[in-house]
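Participant: First, the structure itself, so that you have it in front of you.
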Amino acid sequence: MFKMRLALEVVLCIIAAYSFGVIFNIKGKYLRISAIGGGIAWLSYKLLLMAGMENNLSFFFATICFGIYVEVCARIYNAPSTIMSVCAMIILVPGYGVYNTLYAFLTNDYTAGVRNGISTLMVAGAISLGLVFITTIFRRRKTNDILSKIINSFKKINKNSSEDDDIKIEDF
C-alpha cells in the first residue's frame, strides 16, 4: 500500500511540475525533462525521510539529487539549466509552511507563527543551498571537462554517431 501511495505522489509531482512548465512556457523536451526532475526531487525527498533523515537535510539532499539530474540534462541537451530547474524546484517549495505561518499570525498565535516561519525559512534555505552547491560544482572547468568526456564516450558507443557530434560543454 505504501509503495502505491509513493508512486502516486511521484506521478502527481511530475504532473504538477509539467503544469508549471506549461505556465512558464517551456517547450518540447525541456518540459518533459523538468517534469521528470520534479518527480526525482519528490521521490528522493520521501526516500530520505523514510530513511530517518531530518526534514531540512532531506530537502537539501533532494535538491542535490534533482540538481545533478538537471545539470547533466542541461549539458546533454546544450540548454541552460535554469529552464529545467525552476519547474523541478517548485515541487519542493514549502508552500504549506508559509500558509501555516500566515494563518498563525492571522489568528494571533504569534508563537506558532514564529516557529512555523523559522521552520519554513530553514527549508527554503536548505533548498537554495543545495541548488547553489550543485550549480557551483558544475560550473567549474574541471567538472565540465570530465562530464564532456563521459558524455562523448557514451555517444561514441552509439553506432550512429560520428566524431563531428562531439559535445563541447561551454560555460552558460
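Participant: Within the range 69-89, track down each residue that is buried (at least 21 other Cβ atoms within 10 Å of the Cβ), of a type in the set (A, V, I, L, M) and over 15 Å from ALA126 (Cβ atoms).
Facilitator: Matches in the range 69-89: VAL70, ALA74, MET84, ALA88.
Participant: Then there is this: Out of the residues in the range 113-136 that are touching a residue at least 12 places away in the same chain (Cβ under 8 Å) and over 15 Å from the mean Cα position of the chain (by Cα), which is farthest from THR63 (Cα to Cα)?
Facilitator: Of everything passing the filter in the range 113-136, GLY113 is farthest from THR63 (Cα to Cα).
Participant: What do you reckon, is VAL132 loosely packed, with under 15 Cβ neighbours inside 10 Å and modelled with pLDDT of 90 or more?
Facilitator: Judged against the criteria, VAL132 is a match.
Participant: Collect the residues in the range 138-149 that are of a type in the set (A, V, I, L, M) and either touching a residue at least 40 places away in the same chain (Cβ under 8 Å) or surrounded by 15 or more Cβ atoms within 10 Å (Cβ to Cβ) (or both), keeping them in residue-number order.
Facilitator: LEU147
Conditions tested, residue by residue: (1) closer than 26 Å to TYR45 by Cα; (2) of a type in the set (S, T, N, Q).
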{"residue": "ARG115", "(1), (2)": "yes, no"}
{"residue": "VAL132", "(1), (2)": "yes, no"}
{"residue": "THR135", "(1), (2)": "yes, yes"}
{"residue": "ILE146", "(1), (2)": "no, no"}
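Participant: Yes or no: the range 90-100 includes at least one residue that is assigned to a helix (DSSP H, G or I), within 15 Å of the chain's Cα centre (by Cα) and either at negative phi or free of Cβ contacts under 8 Å to residues at least 60 places away in the same chain (or both).
Facilitator: Checked against the condition, which is being assigned to a helix (DSSP H, G or I), within 15 Å of the chain's Cα centre (by Cα) and either at negative phi or free of Cβ contacts under 8 Å to residues at least 60 places away in the same chain (or both), the range 90-100 yields at least one hit.
Participant: Looking at the range 3-60, which of its residues are small (Gly, Ala, Ser) and under 16 Å from the mean Cα position of the chain (by Cα)?
Facilitator: Residues satisfying the conditions are ALA16, ALA17, SER19, GLY21, SER34, ALA35, GLY37, GLY38, GLY39, ALA41, SER44, SER58.
Participant: Another one. Of all residues in the range 1-52, count the ones that are of a type outside the set (A, V, I, L, M, F, W, C) and surrounded by fewer than 13 Cβ atoms within 10 Å (Cβ to Cβ).
Facilitator: Number of matching residues: 7.
Participant: Output yes when any residue across the range 36-49 is assigned to a helix (DSSP H, G or I) and touching a residue at least 60 places away in the same chain (Cβ under 8 Å), and no when none is.
Facilitator: No, the range 36-49 has no match at all.
Participant: Among the residues of the range 34-66, write down those that are farther than 13 Å from LEU131 by Cα and among the β-branched types (Val, Ile, Thr).
Facilitator: Selection gives ILE36, ILE40.
Participant: Quick test for you: out of PHE66, PHE59, PHE24, pick the one residue that is among the aromatic types (Phe, Trp, Tyr), touching a residue at least 40 places away in the same chain (Cβ under 8 Å) and within 21 Å of MET122 (Cα to Cα).
Facilitator: Exactly one residue qualifies, and that residue is PHE59.
The values are calculated or read from the model by the stated rules, or taken from the named source; none is laboratory data. All values derive from a computational prediction rather than experimental measurement. Because the Cβ atoms are built from the backbone with ideal geometry, glycine has one as well, and the counts that use them run over all protein chains shown.
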